[in-house]
Amino acid sequence: MTFYQLAIRYLIRKKGKSILLFFVLLFVSSMILSAAIILRAFEDSEQTIQAKTGSKVIVEITDQDHRITKEELRQISSLDDVAFVNRSAHASVLPDGFVPITNSLSGNEDNQKAAVISYDRLEKDSAFSEGQYHLTKGKYIGPDTVSGAVVNALLADANGLAVGDAIGFITEDGTGVTTKIVGLFRSGNEQKQTSQTDSVHRIENQIFIDNATYAKLFGSHGYDKAAVYTRHPQKLASLRIRLESMLQDKAAVTASDLLYKQLKAPLDQAARVIRLMLILSTATGIIVVSLLLCMWMRSRRKEAAIYISMGRSKGGIFLQALIEAFAVLILAAAGACALGSFLAKALQALFIGNATPGIALETALQASDVLSLLGLGGLIILIAVTIAAFPILRANPKDTLAKMEG
């Protein structure tokens, strides 16, 4: 009879011991599985946090005569850790087809101009993302916008303009472009400006355009600012150092990942607790299972000695004990899979709660979680069986039988 047949027969014969070992392994397996599920969910949620927080490095020129060039921005965009770059520029233009709003009686040129501010993605890194301005109609400037403009609603009303109408600008050297209004915005602070404010500095006369339109107006004029978004927030410091090296004293470089750190901090803290729980569960499993198997193996010393005397190898006896424990582990793991997801949700509520709003942990059971359970469970069984079987397999079978007969 093979060692695995003997193992199955022994488990059936010793139902009480098998059931006791099953419940011990079920408890340990459930704790291990729930911890593994949450730790895996933490790893998955980090990508979600990265996408939601948009960690970035802000690059802003220190001298208007030395702006960030297109070539420098191409080099920055080609860096491995860079997800995308949101370029921004600011300039003044003469209106073409509309009249800027002003309460100033000044006759200087600034009181006849409007300000154009360009972005690749207007909803990010602007007064809109900071909540100072809000879109009232239409849409933001985006990567797909071609010759579009977002203008103040008061400016549009004063000039009889609406979304879809054309609006034009002329630079000091006579270059002109015409764009289509794609959105309207309000600030709420328009009426709080002083009457001495020139038109170019008034909120109503700020017009947001896409960077392709800005390039038509000003050619290779360059950019004032760039928000460099990274794929790996944990490498933000190294990206900042690389950008400082590339741009030297031309621009001020600052990292912006506060939101990422705020969202990730409670997860990191909870992950440390869960890892400790995983280690303690594994250690407890090794200790308890080892004690059980040691007690049971003592009662099998005579059986093992007889088998060895009959010619069975010590390796075969060890494998039989290993198969017995592994068979119970498989049943316990199946039971733990049924309970693991519920335990994981309970642990998530206990250790995390609502600490990270907007970040949902995926605590559904996955194949990787089961593999983690089987790996750690197998380690527990291997260590426990080795500890329990070692004294018996090391002993001389003749001495064991002699003691039993005495």
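The values are calculated or read from the model by the stated rules, or taken from the named source; none is laboratory data. From a predicted model like this one, the values you see are computed outputs, not experimental measurements. Every residue, glycine as well, gets a Cβ built from its backbone with ideal geometry; the counts of neighbours run over all protein chains shown. Ligands, DNA and RNA are excluded from the accessible area calculation, which covers all protein heavy atoms including side chains. Shrake-Rupley method; radii C 1.70, N 1.55, O 1.52, S 1.80 Å.
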### Query
Can you list the trypsin sites (Lys or Arg not before Pro) in the stretch 105-179 that are in a DSSP coil and have 10 or fewer other beta carbons within 10 angstrom?
none
### Task
Could you pull out the pairs from K139/K225; K56/K192; K139/K235 whose alpha carbons sit more than 30 Å apart here?
K56/K192; K139/K235
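For the stretch 76-129, what does the equivalent ellipsoid look like in terms of its semi-axes, each the square root of 5 times an eigenvalue of the Cα gyration tensor, given largest first in whole Å?
Result for the stretch 76-129: semi-axes of 34, 11, 9 Å.
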### Query
Is the stretch 187-290 best put as rounded, prolate or oblate by its Cα gyration tensor, with a ≥ b ≥ c the root eigenvalues, rounded for a/c under 1.5, and otherwise prolate when a/b is larger than b/c, oblate when not?
prolate
### Task
Can you grab the distance from the C-alpha centre of the stretch 93-115 to the C-alpha centre of the stretch 189-215, Å, no decimals?
10
### Query
Using 0.36 nm per residue, how much length does the chain from A166 to L339 gain when fully extended, once their Cα-Cα distance is taken away?
56.0 nm
### Message
Considering only C-alpha atoms, what is the centroid distance from the stretch 14-41 to the stretch 124-138, in Å?
### Response
53
### Summary
When the charge dipole of the stretch 38-146 is computed with +1 at the Cβ of Lys and Arg and -1 at the Cβ of Asp and Glu, the Cα pointing farthest to the positive end, of V57, S106, L79, is that of S106
### Message
Give me log10 I(q)/I(0) at q = 0.23, 0.29, 0.31 Å⁻¹ for the stretch 54-95, Debye formula, one equal scatterer per alpha-carbon, no solvent.
### Response
-0.91, -1.21, -1.28
### Task
Could you tell me what percent of the accessible area of the stretch 137-286 is made up of carbon and sulfur, with a 1.4 Å probe and every protein chain present?
53
### Theoretical FRET efficiency, 1/(1+(r/R0)^6), r = Cβ-Cβ of R74 and D144, R0 22 Å, to 0.05
0.65
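Sum up the charges of everything whose Cβ sits under 11 Å from the Cβ of I141, counting Lys and Arg as +1 and Asp and Glu as -1, but leave I141 out.
-1
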### Message
Can you give the FRET efficiency to the nearest 0.05 for A212 and E43, using r as the Cβ-Cβ distance and R₀ = 30 Å?
### Response
0.15
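To the nearest 0.05, what FRET efficiency results for A83 and F23 with a Förster distance of 35 Å applied to their C-beta separation?
For A83 and F23, the calculated efficiency is 0.10.
Counting heavy atoms of the protein chains only and a 1.4 Å probe, report the per residue accessible area for the stretch 21-175 as a whole number of Å².
Working: 7140 Å² over 155 residues.
Computed with neighbouring chains in place, this is 46 Å² per residue.
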